[in-house]
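Down below is the structure, laid out as structure tokens.
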Amino acid sequence: MKDLKHLIFFENLLQEAHNELVQKACEEGKRCLGYNCYYIPEVLLNLDGCFSTRLRAPRCTSPDVATYYMTGRTCPYVRSILERAIEGGYNHLSALFGSESCAAMERMEEHFYLLRPVKNDDFFVTIIDPPMKGDKTSLDYYKVQLQKHLMGPLKNVFGVDTSDEALRRAIERFNKVCRVITEIGELRKLDNPPITGYEFHVIQLVSEVCPHELILPYLEETLAELKKRKPDPEFPFRARVVLAGSEIDDPEFTKLIEMCGAMVVADRYCFGSMPSREEIEIADGEDAFTAICRHYLHWNQCARFMDGLKIDQRHDELKRLVKEYKADGIIYENMKFCEFWSYEKVLASHIMIEENDIPCATIEKEYALGSVGQLRTRFQAFVESLEIKKINAEGGV
Amino acid sequence: MGKLIDFIDDKLKVFDPIWMAENGKGGQRTRYYDRTGVAKWREWRGTKDTLYDYSRWLMNLGAMGLMVAKNPVAVMKGFWEYRWMGSFLGTFMFIDRLFEGYRGWELRVAHMQMFGIVCALTGRIGMTLASDRRLGASDKKANRFIPFDEVIPPLFTTGFPDLVAFPMQTLPEFIICDVDQHIEPYYIDVAESFGLPADVCSRCAAETGVALDDAFPLVGKVLISTNMPCNASEATSMFQRRRVGLPDYAATFAMIHNDEETALPYSSQIMKEMIAFIEEHYDTKWNWKAFFKAAKNMNEQNTYELEKWDYMKTGYTSEVGISETLYKLFEWQATNGTDPRFTKIDRKVMKILRKNYEDRYEPFGGKTRHRAFLWGPSAVYYTDFPTWCQNAWGVAIVLNMDSTMGFNMISTDDPEQAIIDLTRLEQKATMRHMAVGGWDNINAVWEWAHNFNCDMVMMNDNIACKGMLGIHSIMEEQARDLGFHFIFIEHDLEDSRTVSRQNMRDCVNQYMSIVLGEEPLDPTIITFDDSDAY
Amino acid sequence: MNLKLVAKILCKAGLYGFIGFVATFSLYMFNGENKLIYYVVRPLLNKHYDAQVRDRRIV
């Protein structure tokens, strides 16, 4: 396929947190608000005068100082984020809106106020206690937490307009981004898609780390380009997989899978588009803030949810993605030392394989891709097993 | 009589390990077979104390005999069915280990409290096995039980006086892991054989293993799980609910923040929903009268606990070390106002403690050199670690993190307030208000240590506890700034294969000998192999 | 007669009590029950547990 016009530009934007577009928005006087987790509604950080950036630590291969603080036995993602903060990589942030999505993440966020690594006088950190069920009591608690630890500080510290009208405007802008990304993402449903999983991963990531207003024109242009883009005459991959798991913010990981012959047709992981790029709908008579909270609690697929309905929902969602995106299997990833995904991958792979006859591979990885030999071998074997399964299903050779 | 006793004591003192250590003739370890933890003979503590220990041994034996006598078939079936039941046979060795070196009042207080635990526990085991569907019990018997996660205070079940509280993990995991260091690795291996990584918390891995190995007693009509106290605990619930297969309610309390405006109302609502869930499934009504009665019990226990703390701050007390910790842990986690026996024990113990203070009684012959606060989740495969610290280096574990849980009072006349108080009790559950739940909870250790006049903080360093690992060096820096002696005790909570008991001892040995330049009280227990011991 | 009987019973009770005390105290002092459990009972039980076929699955 012909190279995408903005792909190299997008790739460059992912090389550091304080990228070209973030710098530009900051120079325009906008406040850059950091977050780590889907539990913090991105849309709320994109109210007038602010923009969101989901924290990544690109090229962080050796988080030595963070390891001193948090030991080498905690999640490498959170250590990398802390390391980058200590290195001065997030000095452009005005605030970090944290979430106790897991203990490691919370501890990392605490270090942002204990060590004060962000050299910005205005900078502050708040942490919400995110709910673990999808019912009304949990929704009410979610609202209360976001009101106290996010909306309140935005209004009181930065003077941000948090009125219903302002939220509706933010939703409108946010939905625009979602529509474009979703439209791009749905191209992966085609038998021979005009986009690779890697390219989509890059596009999704830039939409999460860059100011929406500044990245949107590029995304729209890319969508138009993709609509006209001619795919290779034949589908160049040997299999199609859904990638599920925790924090995967390195497109090279997707590239690695694809180089082993499996196209990543759906991205159900933290930093992925499922969830994150569903449009927010406001029900009749509903206020915008409630709509946002309801939306995020409903779509959230985090492995930390405990009630049966949400557990079933996240497995059903995987099944849906496999079906709709015509995937041959699922790759479950978990970050090393991640308690939630360590358990989830055992349970979910059992449910998928034993109860739904969907092939799964489960892997564990570091944050930064270092020695990839083992992973490559695993992926190659998985792709081969998918091929054999297909051949057998077609009547064998 | 007194002279006769003095004469015997004088003649037999050569068998007293403390005398042996003081006189360079051996010590506690001399009387053990290597590796096994099996003593050739029991500790000679002087005539009076040995006879007292013997009498308590008889009483414990009697309590266990009673358990078998009451439900002989069920208990035998239990031994046959459940691997964890076999580990309960190690109880006598466990008690001996815990109270090694104990003499005088500390021995008496320790045994009085331990007898309460033994009676309550044997009663619970007998009743559970006799009601276990797997062992042939009828639905009628089994359905009286409310299985719930061990981190929810059992006090809430007292509102259902016709039902039986069953903290589900207590028997196969939570208590037995203290008794036998080899039992939980079996269940951990079961969990890991399904692909669970080895770096998750070993306690939760063991719970998962018990579920997958189908080793939970089958009782009750519902399952109450909870998000307390940590991520791995939340995650293991997924397996338990699937394997147990009963209608379940996830009691997801506020994990961080304890504030009155957000966290408390939310958690109170969860508490109410949990109660309503039980009402619905058991077709019964919450009984406030019964609840308030138990709450009074709980309040009395907590009143005593707070008074105990006052004495413990001075050092003139026989409520010490692991004896105090285990009692408090059991009283909170398994009893929690539901058993009046514990209030009676408390009353007796309080009389002794008050007298101890008046007499300025110093435990362990006044040989304590350092007063330490033990923080962080302790290694359950080395429950007698505080006893070892005292005997080896004269380091008294004044208070353990677990002892600081759930000490608030419960309203005994106002239903709305009682629910809020019950929720506060949950917010002060094991680990919840110490090891997780936000920085302030952990940072509180310095104030605790300061208030209890400690010069040392021992920080349990569970190598798989993500919450505690996340603030590792901040704690070390704080200790340095505040002038506390500070020792990380590395361990793997329930898996002694990863970090052995000796590895744990070495953490202390190195600090005491290299940093403080001190000599051990008993050189025979500095380095020894107890890897095959229960 | 009655006194004699009482004395006899007391003597017997004392004797049995003493024998009981000596037996149980010896068992206690020489850690007899723990040795029996550690070296005999548990190994047998463990053999049984190891031979069990358990219904081991996620469900």
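Nothing in this text is a laboratory measurement; each read-out follows from the coordinates by a stated rule. Small disclaimer: the values here were computed from a predicted structure and weren't measured. Quick reminder, even Gly has a Cβ in these numbers, built from the backbone with ideal geometry, and neighbours come from all protein chains shown.
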Can you tell me the Rg and Dmax of chain A, counting just the alpha carbons, in angstroms?
20.4, 69
Which order results if A:K148, A:K310, B:K70 are arranged by neighbouring Cβ count within 10 Å, fewest first?
B:K70, A:K148, A:K310
Computed on Cα atoms, the radius of gyration and Dmax of chain B in angstrom are 22.5, 68
Simple spin-label estimate for C:Y16/B:S513, 7 Å along Cα→Cβ, in nm, reads 5.5 nm
Would you mind giving the average projected area, over all directions, of the Cα convex hull of the protein assembly as shown in nm² with one decimal?
45.6 nm²
Taking GluC sites (Glu not before Pro) as exposed when DSSP calls them loop (any state but H, G, I, E, B) and at most 12 other Cβ atoms lie within 10 Å, what is the longest stretch of chain B free of them, the sites themselves excluded?
B:262-534
Per-residue ellipticity at 222 nm for the protein assembly as shown, helices alone: DSSP H runs ≥ 4 residues times -39500 (n - 2.57), over residue total, nearest 500 deg cm²/dmol?
-15500 deg cm²/dmol
With a cut-off of 8 Å between alpha carbons and a minimum separation of six or more residues, what is the relative contact order of the range A:166-393 in percent?
22 percent
For the range B:27-175, what relative contact order do you get, as a whole percent, if you take Cα pairs closer than 8 Å and at least 6 residues apart?
21 percent
Put a dot 7 Å past each Cα toward the Cβ at B:R369 and A:E394; how far apart are the dots in nm?
7.7 nm
Name the residues whose placed amide hydrogens come within less than 5 Å of the amide hydrogen of B:H491, ignoring near sequence neighbours (fewer than 5 apart) on the same chain.
B:D461, B:N462, B:I463
To the nearest 0.05, what FRET efficiency results for B:H281 and B:K70 with a Förster distance of 35 Å applied to their C-beta separation?
0.75
What are the radius of gyration and Dmax of the range B:435-488, computed over its Cα atoms and given in Å?
10.7, 30
Taking only the Cα positions of the range A:166-393, the convex hull volume per residue in Å³ is 136 Å³
Two-site label geometry, C:M29 and B:E273: point separation in nm, points 7 Å out along Cα→Cβ:
6.3 nm
With just the Cα atoms of the range A:295-391, tell me how far they stretch along each of the three principal axes, in Å, largest first.
38, 34, 22
In order over the range B:28-43: 3J(HN,Hα) from phi, Karplus 6.51/-1.76/1.60, θ = phi - 60°, whole Hz, x for each Gly or Pro, gives 4, 6, 4, 8, 10, 6, 4, 6, 6, x, 8, 7, 5, 9, 6, 5
Stretched fully, the stretch from B:K344 through B:W288 gains (0.36 nm per residue minus C-alpha distance, one decimal, in nm) 17.8 nm
Read phi for every residue in the range A:132-137 and hand back ³J(HN,Hα) as whole Hz from Karplus 6.51 cos²θ - 1.76 cosθ + 1.60, θ = phi - 60°, with x for Gly and Pro.
10, 9, x, 8, 5, 4
Per residue, the convex hull enclosing the Cα atoms of chain C spans a volume in Å³ of 153 Å³
Which of rounded, prolate or oblate describes the range B:1-65 when judged by the alpha-carbon gyration tensor and an a/c cut-off of 1.5?
oblate
Rounded to the nearest 10 degrees, what's the angle between the helix A:76-87 long axis and the longest principal axis of chain A, both from Cα atoms, 0 to 90?
40 degrees
Rounded to two decimals, what is the ratio between the C-alpha radius of gyration of the range A:77-156 and 2.2 N^0.38 Å?
1.18
Cut-off under 21 Å on the C-alpha distance; same-chain residues fewer than 8 positions from A:K30 excluded. Which lysines are left, in chain and number order?
A:K119, A:K155, A:K176
Ordered by residue, what ³J(HN,Hα) values in Hz, to whole numbers, does the range B:9-25 give under the Karplus form 6.51 cos²θ - 1.76 cosθ + 1.60, where θ = phi - 60° and Gly and Pro are x?
4, 5, 6, 9, 4, 5, 9, 7, x, 5, 4, 4, 5, 5, 10, x, 10
Within the P(r) computed for the range B:369-482, what percentage of the Cα pairs occupies the region above 18 Å?
55 percent
So, relative contact order of chain A in percent, Cα under 8 Å, 6 or more apart, is 18 percent
Please go through the residue pairs B:K221/B:K293; A:K148/A:K345; B:K308/B:K328; A:K24/A:K143 and name each one whose alpha carbons sit more than 23 Å apart in this structure.
B:K221/B:K293; A:K148/A:K345; A:K24/A:K143
Quote the FRET efficiency, to the nearest 0.05, computed for C:V40 versus B:R354 with a Förster distance R0 of 51 Å and r equal to the Cβ-Cβ distance.
0.65
Around A:N12, what is the net charge, scoring Lys/Arg as +1 and Asp/Glu as -1 over all other residues with Cβ under 13 Å from its Cβ?
-2
Which aspartates and glutamates, on any chain, are close to A:K227 with Cα under 18 Å apart, when same-chain ones fewer than 8 places away are left out?
A:D3, A:E183, A:E186, A:D191, A:E199
Express the Stokes-Einstein translational diffusion coefficient of the range B:202-269 in µm² s⁻¹, to the nearest whole number, given a Kirkwood radius over alpha-carbon pairs, 20 °C and a viscosity of 1.002 mPa s.
164 µm²/s
Cβ-derived FRET efficiency at R0 41 Å, A:W299 paired with B:E476, nearest 0.05
0.50
Residues with amide H under 5 Å from that of A:R31, placed H, sequence gap 5 or more:
A:C50, A:F51
Over all pairs of different Cα atoms in the range A:27-186, the reciprocal of the mean inverse distance gives a Kirkwood radius in Å of 16.6 Å
